[in-house]
Amino acid sequence: MSLVILVMILVIGGFVFVNGKNVATANVISGGGQVVQGQMQQVVLSQDGYNYKDATAQAGKPISLSADGSVGGCLRSVVFNVDSKKYSKYLRTPEDTLELPALSKGTYPFSCSMGMGYGKLVVQ
Ligand SMILES: [Cu+2]
């Protein structure tokens, strides 16, 4: 059991590290101090059994991904691999977001950080 705890510590530590240097820069602040969301689109993940429900997004727009209250446990740690780049974050609350770049049409598989729960982001 202590191995499980060690793995948890490493995983959570990894997320803290990633988040530390991943200070969100998606919002553009205009001269008037107004936050402009630009072309950012919101995608909300839900859980379906041990996996995620399929999610959809529009092509060509950066994505702000969050996980609603139905998503529990380690499924709140979301990992995407896009064009051999890794995007991951522990979405501790429904307000936490993982920013993804604009994607082209296609189906993007993702998983929880432990590779136990899976989902698909369908970009149309
Ligand atoms: Cu998991």
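Every read-out reported here was derived from the displayed coordinates using simple, explicitly stated rules and does not represent laboratory data. All of these numbers come straight from a predicted model, not from anything done at the bench. In this analysis, Cβ positions are derived from the backbone assuming ideal geometry, glycine residues included, and neighbour counts consider all displayed protein chains.
Quick notes
- Note on the range 45-65: residues that are within 16 Å of the ligand (Cβ to nearest atom) and of a type in the set (A, V, I, L, M) total 1.
- Subset of the range 55-89 (residues that are part of a strand (DSSP E or B) and not hydrophobic (A, V, I, L, M, F, W, C)): Thr56, Ser64, Ser66, Ser77, Asn81, Lys85, Lys86, Tyr87, Ser88, Lys89
- For the range 66-108, a residue qualifies if it is under 13 Å from Leu45 (Cβ atoms), surrounded by 14 or more Cβ atoms within 10 Å (Cβ to Cβ), of a type in the set (Gly, Ala, Ser) and away from the ligand (no atom under 16 Å from the Cβ), and exactly one does: Ser66.
- Positions within the range 109-124 being surrounded by 14 or more Cβ atoms within 10 Å (Cβ to Cβ) and outside any strand (DSSP E or B), in sequence order: Ser113, Met114, Gly117
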